[in-house]
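Before any comments, here is the structure.
Please treat every number below as a calculation from the coordinates, not as lab data. Because the structure is a prediction, the values reported are computed rather than measured. Don't worry about glycine lacking a Cβ; one is built from the backbone with ideal geometry, like all the others, and counts go over all protein chains shown.
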Amino acid sequence: MNYYDDNFGEYEIESQNDVDFYFATQRKSVRKKCSICGQTVKLLPHYDKCDRCIRILENGGDPYY
């Protein structure tokens, strides 16, 4: 089954441990603005950038629009 998370993006979860990790991450996450795109996303308190923007940066793109 596929899951999406603003911290880690989209990924396929196959084991119960991964499902537990996903829901634990969701419980710890808070709504905040991504420091790059300004969108309100659900991130872990110590994160300030969403997965979408990080992936764009990692692939050489410009997420600053």
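Extension gain for the segment Asp62 to Asp48, taken as residue separation times 0.36 nm less the Cα-Cα distance, is 3.3 nm to one decimal.
The helix-only estimate of mean residue ellipticity at 222 nm for the chain, built from DSSP H runs of length n ≥ 4 each weighted as -39500 (n - 2.57), is -9500 deg cm²/dmol after division by the residue total. Shown here for the range 8-56: GluC sites (Glu not before Pro) in loop regions (DSSP other than H, G, I, E, B) with at most 12 other Cβ atoms within 10 Å, namely Glu14.
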